[in-house]
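What follows is a set of notes on a single structure, which appears directly below.
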Amino acid sequence: MEEKLNELYNQCLQELRKIGIDLRDNETIGNIDIKLSNRGTKRYGCCKQEKPDFEFKMVQTMNNRRIIKYEKFHNHHIEISKWVMELNDEIIKNTIIHELIHCIPFCNNHGSEFKKYATYINEKLGYNVKRVGNPKEDYQNSNKEYKEQIIKYKYKIICNQCGQEIYRQRFNKKLITRYKCGKCGGSLRLFSESVDKDKKV
Ligand SMILES: [Zn+2]
Ligand SMILES: [Zn+2]
């Protein structure tokens, strides 16, 4: 399965380069790695960002709180959920490309810049990269039976600085005393003990 993922990943990189998006451009993009995720989540994949570029620091004020955000990162760790690998190659590649867009500066969220790239790629290469996927539809398109499974996260941890939300099924105090936010390096706090969140892409 790992081999198939790497093969499709390389195809995506090549196709994107043909339309002028070079994700191997280390200076602009940084380092990207990709692996399968074992965690039983409903989301298709994720892109964990590391090493923010301090020249791309943005300060926003929201509800009288200062929020620090970074628009560029040097390290990107993409994870694709194992269940996605059961689906059509086309859908797997949509997922890979979705996560690859997150590696581009200013595309860490699903904002306008992300949308611009998704639209351009869909138009040029015939993909169907969306902000949020639809598992039911994708299973149907792959002729696979779809079983609804919702993961309930028990704990919500929040970054004091940038507001990033992290969901965990188990909680250990070390999570907030020893670790820092992966996006901005801020300190973390436990926000609530019982959240009913079903996370997507
Ligand atoms: Zn943070
Ligand atoms: Zn995303």
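Name the residues whose placed amide hydrogens come within less than 5 Å of the amide hydrogen of Phe191, ignoring near sequence neighbours (fewer than 5 apart) on the same chain.
HN-HN under 5 Å from Phe191: Lys156, Ile157, Ile158.
Check Leu36: other-chain or 5+ apart residues with amide H under 5 Å from its amide H, H built from backbone geometry?
The answer is Ile80.
For the chain, what does the relative contact order come out to in percent, with C-alpha contacts under 8 Å and a separation of six or more?
Reported as a whole number, the value is 21 percent.
Output the peptides 8-14, 102-108 sorted from most to least packed, where packing is the average of other Cβ atoms within 10 Å over each peptide's residues.
Highest to lowest by the protection proxy: 102-108, 8-14.
Antiparallel DSSP bridges in region 2-141: what percent, to the nearest 5?
65
Show me, for region 108-118, the HN-Hα J-couplings you get by feeding each phi into the Karplus relation (A = 6.51, B = -1.76, C = 1.60, θ = phi - 60°), rounded to Hz, glycine and proline as x.
Karplus-based 3J(HN,Hα) across region 108-118 equals 5, 10, 9, x, 5, 5, 4, 4, 4, 5, 4 Hz.
Helix-only mean residue ellipticity at 222 nm, the chain, DSSP H runs n ≥ 4 weighted -39,500 (n - 2.57), per residue, nearest 500. What is it?
Helix contribution divided over all residues of the chain: -9000 deg cm²/dmol.
Please turn the phi angles of region 164-172 into ³J(HN,Hα) values with the Karplus equation 6.51 cos²θ - 1.76 cosθ + 1.60 (θ = phi - 60°), one per residue in order, whole Hz, x for glycine and proline.
Calculated HN-Hα couplings, in order: 4, 9, 10, 10, 9, 8, 10, 10, 9 Hz.
Under 5 Å between amide hydrogens, which residues at least 5 positions from Phe73 or on another chain qualify, with H placed 1.01 Å from N in the peptide plane?
Sorted by chain and number, the residues that satisfy this are Asp53.
What list do you get for Phe191, Phe114, Phe73 if you sort them by fewest beta carbons within 10 Å?
Taking fewest neighbouring Cβ atoms as first place, the list is Phe191, Phe114, Phe73.
If the limit is 30 Å between Cα atoms, which of Lys144/Lys180; Lys57/Lys116; Lys116/Lys154; Lys51/Lys144; Lys48/Lys136; Lys4/Lys69 go over it?
Lys144/Lys180; Lys116/Lys154; Lys51/Lys144; Lys4/Lys69
Could you estimate the translational diffusion coefficient of the chain from the Stokes-Einstein equation, with Rh from the Kirkwood formula over C-alpha pairs, at 25 °C and 0.890 mPa s, in whole µm²/s?
After rounding, the answer is 136 µm²/s.
Can you run phi through the Karplus equation (6.51, -1.76, 1.60; θ = phi - 60°) for region 127-139 and list ³J(HN,Hα) in whole Hz, with x for Gly and Pro?
7, 10, 6, 10, 5, 10, x, 10, x, 4, 4, 5, 5
Determine which residues of region 104-144 fall in the zone a paramagnetic label at Arg17 would reach in this model, i.e. backbone nitrogen under 18 Å from the point 7 Å along Cα→Cβ.
From region 104-144, the list is 104, 125.
Nearest 0.05, what FRET efficiency do Thr28 and Asn122 give at R0 = 30 Å with Cβ-Cβ as r?
0.85
Taken together, the values in this text are just the output of simple stated rules run on the coordinates, not laboratory data. The structure displayed is predicted, hence computed values, not measured ones. Note that each Cβ is placed from the backbone with ideal geometry, even for glycine, and that neighbours are counted across all protein chains shown.
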